[in-house]
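The values are calculated or read from the model by the stated rules, or taken from the named source; none is laboratory data. Small disclaimer: the values here were computed from a predicted structure and weren't measured. Positions of Cβ are backbone-derived with ideal geometry, glycine not excepted, and every protein chain shown enters the neighbour counts.
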Amino acid sequence: MTHVSITKLTKVYPGSQARSVDSLDLEMESGKITAMLGPSVCGKTTTLKMVAGLLNPSAGDIRFDSTSVVKVAAEKRGAVMVFQNYLLFPYMSIADNVGFGLRMRGENQGTIKKRVSEILGLVQLEGMENRRPKQLSGGQQQRVALARALIVNPRGLLLDEPLSNLDAHLRDEMRELILTIQKETKVTTIFVTHDQEEAVLLADNIALMFDGLLHQQGGPADFYERPVSERAARFFGGVNFVPATKIGNSVQTAIGRFALQGAAVAVPDGPATLTIRPESLKIEPADTLNAVKAYVRSIIYVGTYTRYKVLAGSQELEVIGPSESVHVHKEGDTVLLQLLPDRLWLVPAPDRANSEPRPVSQTFPDAPAEALEAVDMTQGAATNVS
Amino acid sequence: MAQVTNIRTVSGGRESAAAEVMERKRANFVLWIVNAAIIVGLVLPLVPLLIWSFSKTWFWPSLLPQTWSTRAWQYVASDTSQVPSALGLTVFVGVVVTVVSVIIGLPAGRALGLNKFRGKILVEFLILAPTIVPGLAVAMGIQVAFIKYGLADTLLGVILVHLIPTLPYVVLVLAGLFANYNPEYEQQARTLGAGPVRTFWHVTLPAIFPGLMAAALFAFLVSWSQYVLTVLIGGGAVITLPVLLFSFAGGGDNAITGALSIVYIAPAILILILTSRSLTGENAALGGIGKK
């Protein structure tokens with residue numbers, strides 16, 4: 001149960017001009033799971049290693065429960081890292097691997113033996129004490145790595161891409177296990193991933209990073225419903241972007257004028273990019289509010305749903321409909337398409353985004369408190385709004 | 001064994017199986033030839049030495065000595081021959097040189113193996129240079145410097161000068177070892193609560209142990225067989241086995257030379273056999289004896 005707080009954290013590697021991590025501010029709540037999400041080389045692993053104490057920050061502070069740990073050596077910090085490739089010590093048995101942290105703390109043999117068998121039970125590897133790492137499957141090795149970290153009751157559990165080396169069915173199993181163990185132990189967990197799905201499935205809180213900068217932080221739903229930029233929306237699978245002008249509680253586009261509801265109303269008037277998720281577009285709706293005519297260019301049957309590519313005017317849109325609708329529509333049909341007004345969202349227009357490379361919440365200075373929370377961006381000294 | 005992997009897939013299953021058997025037979029034959037060559041090249045030259053060491057009179061054209069004697073061995077074991085003290089001194093110099101080589105070579109090899117930096121090729125070349133340049137040429141220059149600093153004719157001087165040929169081997173073996181080494185294991189140990197010393201002891205050392213043994217073995221054997229540098233820097237004050245061996249070989253007493261040669265070679269073979277099993281880790285630079 002440790003609150004991890006990062007302020008103005010910056011890392012410039014020796015011999016490099018670029019900031020791998022650029023004055024990052026991040027709060028990791030006690031007992032919660034936080035994901036640091038971003039494409040490769042966005043500074044997320046660097047940040048994780050700085051929290052672990054394996055890298056020294058160039059500037060900024062890291063605090064565990066409001067005590068700075070920057071000067072505390074990795075072995076005394078109590079934040080245990082689980083690496084992507086597990087790194088089980090190959091010449092040690094599973095029991096010796098798991099008990100390593102306790103041995104380093106000088107625990108007596110009896111206690112270590114007892115704790116090892118307890119913790120192996122927790123990760124469902126009872127009786128594996130005498131095996132060697134090589135004799136275990138990838139998923140089992142990962143569970144040993146997790147047990148080895150948990151046995152020392154870490155102040156922070158740091159996971160580097162915890163699911164990305166596993167096959168699909170093992171990922172689900174591992175995700176369940178991590179969630180169960182985390183609930184049981186209440187250990188503050190921080191993990192790094194490039195996979196937005198992994199972040200959404202595991203994390204209470206997601207910090208999206210691009211190029212060493214924090215881009216957006218919030219709960220998983222925020223990134224689907226209220227992304228701060230087209231880039232953030234695209235990272236989470238957003239595909240529909242329509243140039244628009246926002247006027248009051250509606251938005252004018254080349255394909256029509258649409259009513260807005262909810263948080264989008266609070267966005268300031270002017271040029272913007274209208275975005276809506278493919279699953280929030282309704283084909284052949286009951287009412288005609290926010291409806292446009294569209295031409296069906298292609299239909300892809302995915303099984304659990306049907307994916308349409310449609311053309312409204314000259315605007316291409318992607319729509320996800322129920323799987324049975326594959327029997328109703330065919331390519332070349334003209335359909336009515338509803339843009340659900342409470343699902344519409346506006347991100348800064350491309351030219352504005354370029355002039356302001358950091359899409360922080362000041363882009364929407366008039367937004368009310370609840371909308372601000374959705375785009376809770378606390379980044380950079382001058383632009384800090386929270 | 002490379003031939004075995006070179007099996008062409010023939011259309012018919014039986015044909016390919018037959019081809020495989022043929023290939024394997026050929027591979028076994030090649031292996032047998034190689035083994036025979038090693039035995040002939042390494043062991044056979046020792047046989048005449050052994051015979052010489054027990055001979056009293058041995059004249060052409062007989063195949064074996066006419067009369068036998070243990071005179072040479074008695075002399076070699078006696079204090080007057082200086083062999084027992086030279087043996088002790090050679091072991092001492094070898095051990096000290098090995099330990100110092102490893103202490104210097106470990107961080108150097110790690111830096112070369114793990115990092116890329118500007119001028120790395122130049123550094124590698126400079127480290128290799130002592131193995132390329134003739135030892136005699138270098139030793140003359142070093143001797144002048146050592147006389148100036150009072151290191152000539154001393155044990156310390158001999159130990160220092162032995163480091164010149166041993167360090168390249170140690171550094172290069174360890175650099176190769178560290179090129180396949182993942183330092184994240186050490187980071188993992190650190191976050192689990194191990195300080196730098198315990199991390200080295202529990203994580204780094206077991207991982208590099210086989211390669212480290214190979215490097216140490218190289219260092220010991222290079223020091224063990226050093227003649228020119230020992231003679232020039234030791235100047236007759238530091239008498240090691242090879243120095244003694246050369247003087248006896250020049251003296252023309254074949255029986256004593258033979259016995260001394262055996263004394264000189266035996267420890268090297270003994271060490272190789274004793275350590276070969278621990279050298280057969282994944283990163284071993286040498287194959288083990290008696291282990292498949």
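Descriptive notes on the structure:
- Any hit, segment B:94-104, residues being farther than 13 Å from B:A219 by Cα and either modelled with pLDDT of 95 or more or in contact with a Leu (Cβ under 7 Å, 6 or more places away or on another chain) (or both): no
- Scanning segment B:210-220 for residues that are out of contact with any Phe, Trp or Tyr (no Cβ under 9 Å at 6 or more places or on another chain) and either of a type outside the set (F, W, Y) or closer than 28 Å to A:E75 by Cα (or both) yields a total of 6.
- Residue tally, condition of a type in the set (G, A, S), closer than 30 Å to A:E176 by Cβ and out of contact with any strand residue (DSSP E or B) (no Cβ under 8 Å at 6 or more places or on another chain), over segment A:27-73: 1
- In segment A:275-318, the residues that are farther than 19 Å from A:K330 by Cα and in a strand (DSSP E or B): A:T275, A:A291, A:Q315
- Verdict on B:L163 being touching a helix residue (DSSP H, G or I) at 6+ places or on another chain (Cβ under 7 Å), touching a residue at least 60 places away in the same chain (Cβ under 8 Å) and not hydroxyl-bearing (S, T, Y): yes
- With respect to (1) among the aliphatic types (A, V, I, L, M); (2) more than 14 Å from chain B (Cβ to nearest Cβ); (3) within 30 Å of A:A233 (Cβ to Cβ), the lone exception for A:M1 is condition (3).
- Exactly one residue among B:A194, B:A175, B:A189 is among the small types (G, A, S) and within 15 Å of B:G109 (Cβ to Cβ), and that residue is B:A175.
- Selection of segment A:104-126 for residues being more than 8 Å from every other protein chain (Cβ to nearest Cβ) and either in contact with a Pro (Cβ under 8 Å, 6 or more places away or on another chain) or among the basic types (K, R) (or both) yields A:K113, A:K114, A:R115.
- Candidates B:P84, B:P183, B:P168, B:P107, filtered to the one that is within 14 Å of chain A (Cβ to nearest Cβ) and either touching a residue at least 40 places away in the same chain (Cβ under 8 Å) or surrounded by fewer than 16 Cβ atoms within 10 Å (Cβ to Cβ) (or both): B:P183
- For segment A:38-84, filtered to residues that are free of Cβ contacts under 8 Å to residues at least 60 places away in the same chain and small (G, A, S), the residue that is nearest to the other protein chains (Cβ to nearest Cβ) is A:A74.
- Scope segment A:132-155; condition within 23 Å of the chain's Cα centre (by Cα) and more than 12 Å from chain B (Cβ to nearest Cβ); matching residues: A:G139, A:Q142, A:R143, A:L146
- Residues in segment B:47-63 that are out of contact with any Pro (no Cβ under 9 Å at 6 or more places or on another chain) and either modelled with pLDDT of 85 or more or polar (S, T, N, Q) (or both): B:V47, B:P48, B:L49, B:L50, B:S53, B:S62.
- Breaking point among (1) surrounded by 10 or more Cβ atoms within 10 Å (Cβ to Cβ); (2) without any contact (Cβ under 8 Å) to a residue 40 or more places away in the chain, for B:I142: (2)
- Subset of segment B:167-191 that is in a helix (DSSP H, G or I) and among the aromatic types (F, W, Y) - its residue that is farthest from B:V222 (Cα to Cα): B:Y185
- In segment A:89-101, of all residues being more than 7 Å from chain B (Cβ to nearest Cβ) and crowded, with 24+ Cβ neighbours inside 10 Å, the one that is farthest from A:Q141 (Cα to Cα) corresponds to A:G99.
- Any helices (runs of 4 or more DSSP H) falling wholly within segment B:40-159 and containing at least 1 residues that are hydroxyl-bearing (S, T, Y): B:46-53, B:71-77, B:83-114, B:120-132
- Qualifying residue in segment B:260-273 (condition: closer than 21 Å to B:W58 by Cα, of a type in the set (V, I, T) and at pLDDT 80 or above): yes
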